[in-house]
1. If you plug each phi of segment 507-518 into the Karplus form 6.51 cos²θ - 1.76 cosθ + 1.60 with θ = phi - 60°, what whole-Hz ³J(HN,Hα) values come out, in order, with x for Gly and Pro?
2. Output the 0 to 90 degree angle, nearest 10, between the alpha-carbon long axis of helix 296-313 and the longest principal axis computed from the alpha carbons of the chain.
3. Starting from the amide H of I16, placed 1.01 Å from N in the peptide plane, find each other amide H under 5 Å away whose residue is 5 or more places distant or on another chain.
4. About the Cα centre of the chain, what is the dipole size in debye to 20, counting +1 per Lys and Arg Cβ and -1 per Asp and Glu Cβ, all else neutral?
5. I want the antiparallel fraction of DSSP beta bridges within the chain, as a percent rounded to 5.
6. Measure out, as a whole number of angstrom, how far apart the alpha-carbon centroids of segment 224-262 and segment 61-120 sit.
7. Can you give me the relative contact order of the chain as a percent, contacts being Cα pairs under 8 Å and 6 or more apart?
8. Karplus couplings for segment 451-456 from phi (6.51 cos²θ - 1.76 cosθ + 1.60, θ = phi - 60°), rounded to Hz, Gly and Pro as x?
Amino acid sequence: MTSTRGDDGNALDLLIVGAGFAGMYMLFKARELGFRARVIEAGDDVGGTWYWNRYPGARCDIESLEYSYGFDEALQQEWRWSERFAAQPEILAYARHVAARFDLRRDITFGARVTRAWFDDAASTWEVGTDGGQALRARFVVMATGCLSSANLPAIPGIETFGGPRYHTGQWPHEPVDFSGLRVGVIGTGSSAVQSIPVIARQARELTVFQRTATYSVPAHNAPLDPAYEARVKADYAGFRRRNERMPAAFGANLDANDASALEATPAERQRRFDERWRAGGLGFTRAFGDIVLDARANALAAAYVRDKIRALVRDAATAALLSPSQPVACKRLCVDTGYYETFNLPHVRLVDIAATGIEAVTPRGVRAAGREFALDALVFATGFDAMTGTLLRMDIRGRGGLPLAEKWRAGPLNYLGLMVAGFPNLFTITGPGSPSVLTNMIVSIEQHVRWIGACLAWLRAHGRSRIEAREAAERDWVGHVNGVASRTIFPGCNSWYLGANVPGKVRVFMPLLGFPAYADKCAAVAAAGYEGFAVA
Ligand code: N01
């Protein structure tokens, strides 16, 4: 086993796992503060989510002027987005531009997957190993591993026997995939499926979509980025970022969001607001009223509105009924689409309801479901991810006394502020469970976490300290708080990946925290009080 302790043989100050947007900015911040840092990345390039998720139609559904770094004024001024919602190749190009602009690659090891991180209590450092047999030592470790980075491939009988090519949307090949003339099956109807189905349907000879749960989707109304709007934002980009940071999900300051109750509005006013949000497109639909994710009755009004839209868009009444969800809207992540429901009007596209039976088996010739076999040439799994905890738990992480993280989190993720775990000193998680993360514009959450971690490391250094760890009592209170907030919303009311319900056997706990501004204020207050709730040594 080779040992890399930094260029001069000493332990690194900081080892960062992952070179997506979190890892890249963490590296930038570490350098800015004068820490010796190295990033270990499994892929061959930067980009994280946008490196792996190359499926047809992949696109961000946060607007490009918002889904981008705000930490550098020159960067945000110089980069030009071509569309309102950027497609995956453009976001990957942006990540590569950032890496080149700040010369990040020289401190990134590509093609190496971190497999273990063990805490050495006596030396107060982490020993980190990779799949290539590399061993590193670092005082601090930052897990910048993403929330949706471990593919969920269901254990369907016969899956290995399929005769044609199989794809998972989150592990898409780098070479172009051509479905022309093929009979293609797509399993799943979440965001990845909703984006890819209309694009695959344009190529495939036949497309069969296997649906376990119908999904709510709002049109993107994507378009070339309006230069006048871009100029307005860029005239005061810092102010625009600040306003977004005060929004509940850290985006949409330009939305004309409405805090009034849907229940108190007249039917005409409700219709007007929903129509307005539907015409505007995108995730801002849930901001038509202030109580859509807080009150089941308000939510039911929004859900009924979308079901009306589905009936209007889909010609066959039985298909429209099948596409109409019954769970609360936005309880599973709301989707944003370009022509999703309309795709089911095409004669070569069919929808198969597997709610009752699931996929019975994959066979060499296709898929057996709903009591019959569907002949397929290619199969796409749009079956999502082992979200938020999956990637952390797939690594062998051991804290004080050799305690495995998997054991600590047997009953669900425990941590303080979504940032640190009691018993695991000097280990930070960026956008971990217990932080707003996936309920926000991820880049805003990432930047807030990186700034907080950077300030914490600088504070420790300034105070001659080298070790910080969440206290168990703070952790207990925090997890109680996160669950308490969720229980006052519609979110626990369906089988979402926020709850881990998409992965068989996973503990059912609501993982993200609703409300970015209050969370960011809490993190700032904790730091200002000398890292209250943490033990510092
Ligand atoms: O995954 P999902 P995703 N048999 O978990 C079904 C982000 N994202 O990759 O609902 C049959 O949402 C499953 O059915 P059910 C975004 O945060 C963002 O689409 O569990 N079906 C569901 O329909 C998003 O929420 C963007 O009953 C099975 C689907 O597969 C998150 O990533 C784009 C099954 C999985 O949907 C994940 O989205 C894409 C089985 N055994 C993704 N197992 C943008 O920003 C699962 N399913 C645009």
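1. Karplus values, whole Hz, x for Gly and Pro: 5, 8, 9, 6, 8, x, 10, 7, x, 6, x, 5.
2. The helix 296-313 is inclined about 50 degrees to the chain.
3. Distant-sequence amide H within range of I16: R38, V39, I40, V142.
4. For this selection, approximately 520 debye.
5. Around 40 percent antiparallel, to the nearest 5.
6. Between the Cα centres of segment 224-262 and segment 61-120 lies a distance of 21 Å.
7. Dividing the mean separation by the residue count of the chain yields 19 percent.
8. Each residue of segment 451-456 in turn: 4, 5, 5, x, 5, 5 Hz.
Any read-out appearing in this document is the output of simple, stated calculations on the displayed coordinates, not a laboratory observation. Treat the numbers as computed from the prediction; the structure is a model and nothing was measured. Don't worry about glycine lacking a Cβ; one is built from the backbone with ideal geometry, like all the others, and counts go over all protein chains shown.
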